[in-house]
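Each remark here refers to the structure printed beneath this line.
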Amino acid sequence: MARVFTKLGKEITIAVKAGGPDAENNPRLRALIATAKKENMPKENVERAIKKATSKDFTDYKEMNYEGYGPHGIAVFVETATDNTTRTVANVRSYFNKCGGSLGTSGSLEFLFDHKCVFHVAPKEGVSIEDLELELIDFGVDELIEDEGEIILYGEFAQNSTIQKYLEENGFEITSSEFVRIPNDQKTLTAEQRAAVNKLIEKLEEDEDVQNVFHNMVESDDEE
């Protein structure tokens, strides 16, 4: 849970730095505050992250992506937010090397993943998921699913603010949102091979500078 709070705190700070501390005029901040609420992040943590961005002593976070291959040819995409890129790239490279992988050049694997925005929305009385899907196709949404009493919609990354604006203006409650990279081609490995890849993923996710790790490995035998 602490890992989730750290990640969200950085995202909130970055959003405030880019769009200001007023949630009313900062759509990304509004969405992140909703996500923080869903994750039961303490209000003081949110306020501290907002305040940090406006502090004169704050060293800005730089968002950097790193791409490489893990064991058995699995593509791994790493998103970071760091105040020291020299430290971060050295750490990320060492994790790849120690786990039998190799760090590639920036942009070398981006084509293997579709960059999407994801919104979790509370159902609205009188609106069917089919009608909502038809309405949102023109806004860059390409998939809607119902799961455990909520609607999850996937859209083009570049259309994030447009989709959010539509949902807010039409009275939908956004409970959380995020950005993901979905692999367009997955590789199936044996349980032993998956364990080797997971060792790399775990090392990356334990690093405080790392925000997200995406890969193209099929997670379990159930998905084969």
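Some notes on this structure:
- Of the chymotrypsin sites (Phe, Trp or Tyr not before Pro) in the range 1-103, those whose Cβ has at most 15 other Cβ within 10 Å and which sit in DSSP loop: F58
- In terms of other Cβ atoms within 10 Å, K43, K52 run from fewest to most in the order K43, K52.
- By the beta-carbon count within 10 Å of each Cβ, the least crowded to most crowded order of M217, M41, fewest first, is M41, M217.
- For the chain: rounded, prolate or oblate by the Cα gyration tensor [a/c cutoff 1.5]: oblate
- For the chain, calculated [θ]222 nm from helices alone, where every DSSP H run of n ≥ 4 adds -39500 (n - 2.57): -12500 deg cm²/dmol
- Exposure proxy for H115, H215, H120: other Cβ atoms within 10 Å of each Cβ, ordered fewest to most, give H115, H120, H215.
- Using only side-chain charges placed at the Cβ, +1 for Lys and Arg and -1 for Asp and Glu, the dipole size of the range 125-224 relative to its Cα centre rounds to 560 debye.
- In a reduced charge model with +1 at each Lys and Arg Cβ and -1 at each Asp and Glu Cβ, the range 47-101 shows a dipole moment near 180 debye about its Cα centre.
- Members of K43/K124; K10/K43; K10/K203 lying beyond 21 Å, as alpha-carbon distances in this model show: K43/K124
- Contour excess over end-to-end distance, with Cα ends at F179 and R3 and 0.36 nm allotted per residue: 61.7 nm
- Charged-residue dipole, Cβ positions (Lys, Arg, Asp, Glu), the range 47-167 about Cα centre, Debye nearest 20: 1220
Just so you know, all these numbers are worked out from the coordinates, no wet-lab data involved. Predicted model only: the values in this text are computed from it and were never measured. When we count neighbours, we look across all protein chains shown, and the Cβ atoms used for this are built from the backbone with ideal geometry, even at glycine.
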